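Each reported figure results from applying straightforward, stated rules to the coordinates on display, with no laboratory input. None of the values given here were measured: they were computed from a predicted structure. Reconstructed Cβ throughout: ideal geometry from the backbone, glycine too, with neighbour counts over all protein chains shown.
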Amino acid sequence: MELQKPTKEFIREILEFYDKEEGNELNENLLKLFKTFNNDLNKYDVLIKVASLNKIYSTAITNINPVVGQIIKITKENNGLNELDDFVNFVDKISRIEWTNNKGKTFKRNNMSFASKYVHFLSEYETPIYDSYIWIVIKGYLGQKNGDLKSFNNPENFKEFYLTFNKFKKELNLESYSNYEIDKFLWQYGKNLILEIEAELNLNLEQSKSELKKRIKAYNKELS
C-alpha cells in the first residue's frame, strides 16, 4: 500500500475531517480542564485529569492511583517545565509506574501512550501524542521515503518517538506545520486507513492494524 503524499491539499482534507469528527472541540475542552485543574502537586487536580483521559481515550489503566502518585512525585522533583525538551523528558518520567497490591504482588507498567496524552495537554499541544495509528503512519512514510522500513517495533521510549516524529517532519518537508497539526493529521489518516480495512475484510482493530502494516511493508519491499 502506498501512503498518499502529504501535500498541503491532502493534509488540509484530513484536518477538516478531524474537525468534523469533533476532535478539535474535544481537545479544546480537555485543554480547559488542564488549565482549570492546573496544580500537579495537588492530588485531586491530577486525579481529575488522569481519570478523564483514561475514560475518554480508553487507555485501560485499571489502577489510576499509582499514576497520580508518579505525576506528583516527578512534578516535585522537577524545576518546572519551561522548554519543549522538558515536556518530552517528563513523558518518560511519568510513564513508567510500579505499585504493590494489598496481597504484596508488585506490578509494573509503561503508560507511554497515556503519559503522552497527559503531557500533550499539559504543554498546550506542543508535544505530540504517541499512538499506534500515528506510529504506523510515520514509519510507513519514512520507509517509502528512504526505503529503510525494517519493522514497526514500538519505540523504546517517548524520546525515541519524538526524534522519529521530528525526522518525519523534516524529511517530508512538513516543518512549517505545528506539532499539533501533524499529530492530528497522522492520527486521523491512520484511523481512516484502519477503518477501511476493517470494513473491507471484516477484521477487528488489532487485525486491521496488522493488515495495514503488512500492506505498507509489501509496498516498501517493491520499492527496494
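Residue exposure proxy: ASP86, ASP148, ordered by other Cβ atoms within 10 angstrom of their Cβ from fewest to most, comes out as ASP148, ASP86.
Note on the chain: helix-only mean residue ellipticity at 222 nm, from DSSP H runs of 4+ residues weighted -39500 (n - 2.57) and normalised by residue number, equals -21500 deg cm²/dmol.
Farthest toward the positive end of the dipole of the chain, out of MET112, ASN39, ASN173, is the Cα of MET112, where the dipole comes from beta carbon charges about the Cα centre. Percent of alpha carbon pairs in the chain separated by more than 23 Å? Looking at the chain, the distances longer than 23 Å represent 51 percent of pairs.
Spacing of the modelled spin labels on LYS167 and GLN4, each 7 Å from Cα toward Cβ, amounts to 2.6 nm.
Using the Cα coordinates of the range 37-122, the gyration tensor eigenvalues translate into equivalent-ellipsoid semi-axes of 20, 14, 13 Å, sorted from longest to shortest.
Quick one: if the Förster radius is 41 Å, what FRET efficiency do LYS108 and LEU31 give, using the C-beta to C-beta distance and rounding to 0.05? Efficiency computed from Cβ-Cβ geometry: 0.85. Subtracting the Cα-Cα distance of ALA60 and ASP19 from 0.36 nm times their residue separation leaves 12.2 nm of extension gain. Under the convention that each Lys and Arg Cβ holds +1 and each Asp and Glu Cβ holds -1, the size of the dipole of the chain around its Cα centre is about 900 debye. In plain terms, the residue of LYS55, LYS103 with the fewest other Cβ atoms within 10 Å comes first and the most crowded comes last, giving LYS103, LYS55.
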